[in-house]
1. Quick one: Thr98 ticks every box in (1) modelled with pLDDT under 95; (2) more than 21 Å from Asn164 (Cα to Cα); (3) assigned to a helix (DSSP H, G or I) bar one, so which box is it?
2. Within region 136-156, is even one residue in contact with a Lys or Arg (Cβ under 6 Å, 6 or more places away or on another chain) and of a type in the set (Ser, Thr, Tyr)?
3. Scan region 88-129 for residues that are among the small types (Gly, Ala, Ser) and over 12 Å from the mean Cα position of the chain (by Cα) and jot them down.
4. Among the residues of region 174-181, is any surrounded by fewer than 21 Cβ atoms within 10 Å (Cβ to Cβ) and more than 21 Å from Leu60 (Cβ to Cβ)?
5. For region 126-150, what are the residues that are among the charged types (D, E, K, R) and under 20 Å from Lys91 (Cβ atoms)?
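The values are calculated or read from the model by the stated rules, or taken from the named source; none is laboratory data. Values in this document were obtained by computation on a predicted structure and should not be read as measured data. Don't worry about glycine lacking a Cβ; one is built from the backbone with ideal geometry, like all the others, and counts go over all protein chains shown.
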Amino acid sequence: MRRGDHRSYAAALVGAGAAALLLAGCVFQSTYNNMLQQQEAIESALRSEIAADQVKIDQLENGIRVRMSNDLLFREGGVELSEAGARALDKVVPQLNTSAYIVDVVGSTDNVPIGPGLADRYPTNWELAGARAAVVVRHLQAGGVDPTAMRAVSDGQYHPVASNDTAQGRADNRNVSLLLRPR
């Protein structure tokens, strides 16, 4: 290559790099806008549950978290969905029914040992939280959400959102979160 050719080649590389960055910025902005629209749609669908402090929705750096209380989703001390829980999940199925998101369904518990009624089936909070996450995944799949876009995950008692020293803190820690991340 001649000396002038190196400068032209370098300028072409810099120009291509700048174009790629500009395009990536548009893609990131587009992804952000789509996520914001999804969050607004979920908030609208769950307005009454949010007002009742049964659902909290957070914008994360890489997605959206919809945290649903166990009091909403499950009968006390059980893993079967309550009617209110099934209705709340049904409200978000349309937003989850796109190919744009991967959904991690994460079950969490407080640190209280499993009671005698559940201990035979769920010896620890790991199993209980995982079972509750799996029940939610099965319900969403029955509603039409693509099962290849979902995972059931157990956080057990090990990622509390509040202190386990109070009844309210323990209640806050018993939840299932839907973590939506762009594909």
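1. (3)
2. Of the residues in region 136-156, the ones in contact with a Lys or Arg (Cβ under 6 Å, 6 or more places away or on another chain) are none.
Checked region 136-156: no residue is in contact with a Lys or Arg (Cβ under 6 Å, 6 or more places away or on another chain) and of a type in the set (Ser, Thr, Tyr).
3. First, pick out the residues of region 88-129 that are among the small types (Gly, Ala, Ser): 88, 99-100, 107-108, 115, 117, 119, 129.
Ala88, Ser99, Ala100, Ser108, Gly115, Gly117, Ala119, Ala129 - these are the residues of region 88-129 that are among the small types (Gly, Ala, Ser) and over 12 Å from the mean Cα position of the chain (by Cα).
4. Start the filter on region 174-181 by keeping residues that are surrounded by fewer than 21 Cβ atoms within 10 Å (Cβ to Cβ), which leaves 179, 181.
Still in the list and also more than 21 Å from Leu60 (Cβ to Cβ): none.
Scanning region 174-181 turns up no residue that is surrounded by fewer than 21 Cβ atoms within 10 Å (Cβ to Cβ) and more than 21 Å from Leu60 (Cβ to Cβ).
5. Within region 126-150, the first condition is being among the charged types (D, E, K, R), and the residues that meet it are 127, 132, 138, 146.
If the condition is that a residue be among the charged types (D, E, K, R) and under 20 Å from Lys91 (Cβ atoms), then Arg132, Arg138, Asp146 are the ones that fit.
Matching residues to (1) β-branched (Val, Ile, Thr); (2) within 15 Å of the chain's Cα centre (by Cα); (3) at pLDDT 95 or above:
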| residue | (1), (2), (3) |
| --- | --- |
| Ala20 | no, no, no |
| Leu23 | no, no, no |
| Asn33 | no, no, no |
| Gln38 | no, yes, no |
| Ile50 | yes, no, yes |
| Val66 | yes, yes, yes |
| Gly78 | no, no, no |
| Gly85 | no, no, yes |
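Here is a yes/no grid of residues against (1) polar (S, T, N, Q); (2) touching a residue at least 24 places away in the same chain (Cβ under 8 Å); (3) not in a loop (DSSP other than H, G, I, E, B):
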residue: Ser44; (1), (2), (3): yes, no, yes
residue: Asp53; (1), (2), (3): no, no, no
residue: Asp58; (1), (2), (3): no, no, yes
residue: Leu72; (1), (2), (3): no, no, yes
residue: Glu76; (1), (2), (3): no, no, no
residue: Val79; (1), (2), (3): no, yes, no
